[in-house]
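Participant: Following this message is one structure expressed as structure tokens.
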Amino acid sequence: MAEVSSSVVRSARSSALGIWTRRLAFYAALLLLWQVIVNLNIWPSYALPGPLDVFNSLANGIASGQFMQAALVSLQRLALGYAISLVLGTVLGILVGRFSVVEETVGSLILGLQALPSVCWLPLAVLWFGLTEQAIIFVVVMGALFSITLGIESGIKNTPPIYLKAARTLGTRGQALYSQVILPAALPSIISGLKQGWTFAWRSLMAAELLYFTLSLGNLLNNGRDLNDASQVIAVMLVIIAIGVAIDTLIFSTLERTLRERWGLQR
């Protein structure tokens with residue numbers, strides 16, 4: 001038994017090593033291709049800097065503390081906007097998924113607003129709130145709200161009827177039916193909606209931070225453009241990507257992996 005367990009561990013380690021080897025090889029080839037294109041001088045250096053120039057800009061921004069401070073400001077805005085979206089989206093999702101009248105009225109409106117790009121809310125945000133923090137938070141909320149709502153609604157509505165019949169046969173009613181049957185069955189759709197909502201919130205925030213000058217990741221992007229400093233633009237983009245990947249890996253991928261293990265779907 002111990003030999004089998006040891007073999008499984010070695011196999012898992014070997015598989016993980018192979019994955020990281022392929023990833024490193026891919027990104028090394030990507031950097032090489034980038035440098036080759038830069039050496040061809042198709043675009044001027046201020047428009048397409050080389051990997052070393054971008055790395056230097058990234059290192060300088062981190063060493064000076066500018067990138068870290070900007071990232072903290074952006075993450076605070078994201079956390080507040082996403083929290084508001086989560087509360088409102090949960091309430092709306094439950095109401096739309098539970099009551100047909102709400103689905104026929106509010107549900108149709110939510111479906112239409114979901115198709116509206118979040119950047120379209122920028123003009124209204126400025127008119128309603130001016131160039132303020134509230135305007136930025138509003139755009140973030142509108143970017144995430146409808147994805148969360150639809151994810152929760154989908155999870156509730158797509159609960160297999162056989163689960164509900166079996167639970168009612170066993171005497172499960174009311175709050176217990178939701179907490180013990182509907183919620184566990186709806187979790188895959190709910191987590192998918194939360195993940196999509198966070199992605200839209202992050203994108204909306206980057207657009208909203210262009211409204212007025214504050215030290216934030218969105219404004220660092222804009223400053224790099226104004227100064228024709230493509231190295232800074234790409235460096236900030238890398239920071240944004242790194243934060244996005246980190247949040248997805250630490251939170252949403254962990255939730256999805258835990259859920260797959262619980263349902264016996266983990267490979």
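Values in this text are rule-based calculations from the coordinates and carry no lab data. What you see is a predicted model; the values in this text were computed from it and never measured. We place every Cβ from the backbone using ideal geometry, glycine too, and count neighbours over all the protein chains shown.
Participant: With the dipole of the range 49-262 worked out from charges on the C-beta (+1 for Lys and Arg, -1 for Asp and Glu) around the Cα centre, which of 83, 59, 259 lies farthest toward the positive end?
Facilitator: About the Cα centre, the residue reaching furthest to the positive side is 259.
Participant: Give me the extension gain from residue 79 to residue 46: residue separation times 0.36 nm, minus the current Cα-Cα distance, reported in nm with one decimal.
Facilitator: 8.4 nm
Participant: Sticking with this one: Could you give the nm distance between label points at residue 176 and residue 225, where each point is 7 Å from its Cα heading toward the beta carbon?
Facilitator: Taking the two extended label points, one gets 5.8 nm.
Participant: Would you work out the relative contact order for the chain, in percent, from Cα pairs under 8 angstrom that are 6 or more residues apart?
Facilitator: About 23 percent, as a whole number.
Participant: Starting from the Cα gyration tensor of the chain, take the square roots of the eigenvalues, sort them a ≥ b ≥ c, and report rounded, prolate or oblate (rounded when a/c is under 1.5, otherwise prolate if a/b is larger than b/c, else oblate).
Facilitator: Oblate, because a/c is 1.5 or more while a/b does not exceed b/c.
Participant: If N is the number of residues in the range 75-201, what value comes out of its Cα radius of gyration divided by 2.2 N^0.38 Å?
Facilitator: 1.19
Participant: So, with +1 on the Cβ of K and R and -1 on the Cβ of D and E, and no other charges, what is the size of the charge dipole of the chain about its Cα centre, to the nearest 20 debye?
Facilitator: For the chain, the charge dipole is close to 1040 debye.
Participant: Kindly express, to the nearest 10 degrees and within the range 0 to 90, the angle between helix 230-247's C-alpha long axis and the longest C-alpha principal axis of the chain.
Facilitator: That works out to roughly 20 degrees.
Participant: Please give the contour-minus-distance gain from residue 99 to residue 30: 0.36 nm per residue of separation, less the Cα-Cα distance, rounded to one decimal in nm.
Facilitator: Stretched out fully, the residue 99 to residue 30 stretch lengthens by 19.7 nm.
Participant: Here is a further query. In nm, what is the difference between 0.36 nm times the number of residues separating residue 134 and residue 261 and their Cα-Cα distance?
Facilitator: Residue separation times 0.36 nm, minus the Cα-Cα distance, leaves 41.7 nm.
Participant: Report the one residue of 231, 138, 170 whose Cα lies farthest in the direction of the positive end of the charge dipole of the range 49-262 (charges on C-beta: Lys and Arg +1, Asp and Glu -1; origin at the Cα centre).
Facilitator: 170
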